[in-house]
Amino acid sequence: MTPTRLARTLAAPEPGWTTRADAVVVGSGIAGLTAALELRTRVPRVLLVTKAELSSGSTVWAQGGIAAALHPDDTPAAHLHDTLVAGGGLSDPAAVEVLVTEGPDRVRELVARGASFDVGDDGDIALTREGGHRADRIAHAGGDATGAEISRALVAQIEAVQDDPGIEVIENALVLDVLTGAPSPSGQRPVAGVTLHVRGAGSRDGVGAVLAPAVVLATGGVGQVFRSSTNPPGATADGMAAALRAGATLGDLEFVQFHPTVLWLGAGARGQLPLISEAVRGEGALLLDVDGHRFMPAVHELAELAPRDVVAHAIVRQMDATAADHVLLDARSLGADFLRRRFPGITARLLTQGIDWTEEPVPVAPAQHYHSGGVVTDLQGRTSVPGLYAVGEVACTGVHGANRLASNSLLEGLVFAHRAAHDVVARYPGAAGAPEPVDRPGDAGLVAAAARSRVQRVTSEGAGPLRSAPSLERADDLLARVTTTAHRDGGVVADPQAAEWETTNVHQVARALVRAAWVRSESRGGHFRTDFPDRDPAWERRVTVSLDDDGTLTAT
């Protein structure tokens, strides 16, 4: 591949207003809300920035549940084992140990904050099983509305303290760039705050700057980098791209989890697609090809409950073998009453598409769902940029490795947001400690919003569930042809505004992801190379990407 250069900042107007905070939290999913709540009582002033409304984080869409060793017969050690197996040899055992040992207490704290999980006849939290788990350890709420219930409880906690002068919430705000100060003798540029664009509501609007010594990114995943995804429209990789431009190291970008059972709505479907929770297979639903043949028992000992990458790849191969564009999920044996009670949201959503899954199988196919990679952090959520933290899906903590174990994502956001918030308190005494922002070397960039569908198509075709050197090289070449400056031949092709900034983020992360996938010449977890179909022990290492001062993308 030819060298890749990316912009170090977004092309944007100069900030029209400035404020200060002790810490800035970006994002309002489980990770961002938890971090903000933990910081609120421990620092004088925390600013919570969310891209849309407070309750619009990706957590709302989580159907299956949150995994933790809550049952007396289960143990953190067993949870650790299952997580490491799913991670394909690339999970960091220390990070997984933090997750599984601290997870149960964090879930109990979540209950104390008002989250109401489904309970059994004994009054204890009801636990079920999902793919890759060898014990019942998935807590759920409202049957298949776990994320919505967790989000409701945490948002209620934030709303209850919004009159507190120690916390400010800015909704409808897109963070543009992480500000950095002058480099230290070692070359590191510490965090100085963020620039953001507030769209039309509240006392702050337009582009502004928040100066702070600590920034916690909790901006979610990369769903809109791909043509079809279960992620909401706002998942445009904003935090990951901003961290990359600020000098942070990204890792494991090639490990993209494609959810095996996403409702197939036709070849022309785009954007956010409804997923059929893995919990459905956990309850006993079967996968059939279009000829009615059950194929998973021949693929893996856990059959339909195999890790998601195994199931997704098996579905793609079965689709190819049957010349079909989908397979079938058959839940009829579970019974109509059970399906309506256990999965009311899915039942209703399917009915809006004219599908009664109590009477017929559901057409499904893999689509982008979760990103196991992100901004590389340590066990406290610290990135390679002093003062910059990343928690939740935007982070690469080492927990997931090559493939996320089902329902570990909510737990990871909860556990590491708690850790990051407490580390911010210990390391950064107050807003007065923020360095003054200094311009970074490198170019400013802007990609026209009209190019987004092109970027998504190229990434999906080149770096989808099955990849190869030719597909990745073609994707890299096509992405390199996308214009990344606001002017071309004297004519304006893009104005600095939200859709263009988001598309620039999508484009930059797509380029980094394709490069990482090209470098890893093996198949493992969520990364499958048809030209290197086997796992290679020599690749039990992490691929990282970063930008040099001139914006050159380096993969290591």
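Please report Rg over Rh for region 260-366, where both radii come from the alpha carbon positions and Rh follows the Kirkwood definition. If you can, show how the numbers build up before the last one.
Values: Rg = 13.0 Å, Rh = 13.9 Å.
Using Cα coordinates only, the ratio equals 0.94.
Using 1/(1 + (r/R0)^6) with R0 = 22 angstrom and r between the beta carbons of residue 136 and residue 340, what's the FRET efficiency to the nearest 0.05?
It comes to 0.50.
Size of region 331-440 along its principal axes in angstrom, Cα-based, largest extent first?
Reported extents, whole Å, longest axis first: 63, 26, 25.
I'd like the antiparallel share, as a percent to the nearest 5, of DSSP beta bridges with both residues in region 444-555.
90 percent
Per the helix-only calculation at 222 nm, which mean residue ellipticity applies to the chain, given -39500 (n - 2.57) for every DSSP H run of n ≥ 4 and division by its residues, nearest 500 deg cm²/dmol? Walk me through the numbers on the way to the answer.
On the way: 13 runs with 166 residues, N = 556.
That calculation yields -9500 deg cm²/dmol at 222 nm.
What is the spin-label model distance, in nm, from residue 439 to residue 477 if the labels are put 7 Å beyond Cα along the C-beta direction?
3.7 nm
Residues with beta-carbon under 12 Å from that of residue 535, excluding residue 535: net charge, scoring Lys, Arg +1 and Asp, Glu -1?
Summing Lys and Arg as +1 and Asp and Glu as -1 gives -2.
How large is the Kirkwood hydrodynamic radius of region 1-61, counting all unique pairs of alpha carbons, in Å?
Working: mean 1/r = 0.0704 Å⁻¹.
Across region 1-61, the inverse of the average 1/r is 14.2 Å.
So what is log10(I(q)/I(0)) for region 444-555 at q = 0.10, 0.11 1/Å, when the Debye sum runs over its Cα atoms only?
-0.33, -0.40
Counting Lys and Arg as +1 and Asp and Glu as -1, each charge on the Cβ, what is the dipole of the chain about the Cα centre in debye, to the nearest 20? If you can, show how the numbers build up before the last one.
Working: 49 positive and 67 negative charges, 203 e Å.
It works out to roughly 980 debye.
Given axes a ≥ b ≥ c from the Cα gyration tensor, I'd like to know whether region 1-105 is rounded (a/c under 1.5), prolate (a/b larger than b/c) or oblate.
Oblate shape, in that a/c is at least 1.5 and b/c is the bigger or equal ratio.
How much of the DSSP beta bridge set in the chain is antiparallel, as a percent to the nearest 5?
65 percent
Under a point-charge model restricted to the Cβ atoms of Lys and Arg (+1) and Asp and Glu (-1), what is the dipole moment magnitude of region 112-233 relative to its Cα centre, in debye to the nearest 20? Walk me through the numbers on the way to the answer.
Details: 9 positive and 15 negative charges, 141 e Å.
I would put it at about 680 debye.
Taking Rh as the Kirkwood radius computed over C-alpha pairs, what is the Stokes-Einstein D of region 406-478 at 37 °C in a medium of viscosity 0.692 mPa s, expressed in µm² per second?
So the translational diffusion coefficient is about 189 µm²/s.
Can you pull the three principal axis extents for the Cα set of the chain, in Å, largest first?
Computed over the chain, the largest-to-smallest principal extents equal 62, 54, 45 Å.
Just to check I understand the Karplus step: with θ = phi - 60° and J = 6.51 cos²θ - 1.76 cosθ + 1.60, what whole-Hz values come out for region 217-225, glycine and proline as x?
Calculated HN-Hα couplings, in order: 8, 9, 9, x, x, 10, x, 7, 5 Hz.
Across region 173-190, in residue order, what do the Karplus-derived ³J(HN,Hα) couplings come to in whole Hz, using 6.51 cos²θ - 1.76 cosθ + 1.60 with θ = phi - 60° and x for Gly and Pro?
Residue by residue, region 173-190 yields 10, 9, 6, 8, 9, 7, 6, 10, x, 5, x, 7, x, 7, x, 6, 9, x Hz.
So if each residue of separation counts as 0.36 nm, and I subtract the Cα-Cα distance between residue 52 and residue 317, what length gain in nm does that give?
Numbers: separation 265, 0.36 × 265 = 95.40 nm, distance 3.85 nm.
Between residue 52 and residue 317, full extension yields 91.5 nm more.
Express the relative contact order of the chain as a whole percentage, based on alpha carbon pairs under 8 Å and six or more residues apart in sequence.
With pairs under 8 Å counted, the relative contact order is 23 percent.
Taking the Cα atoms of region 244-290 alone, what are Rg (to one decimal) and Dmax (as a whole number) in Å?
When restricted to Cα atoms, region 244-290 yields Rg and Dmax of 16.2, 48 Å.
Using Cα-Cα distances under 8 Å and only pairs 6 or more residues apart, what relative contact order does region 260-366 have, in percent?
In percent, rounded to a whole number, it is 35.
Bear in mind these aren't lab numbers, they're just calculated from the coordinates by the rules spelled out. Here the structure is a predicted model, which is why all the values come from computation and not from measurement. Note that each Cβ is placed from the backbone with ideal geometry, even for glycine, and that neighbours are counted across all protein chains shown.
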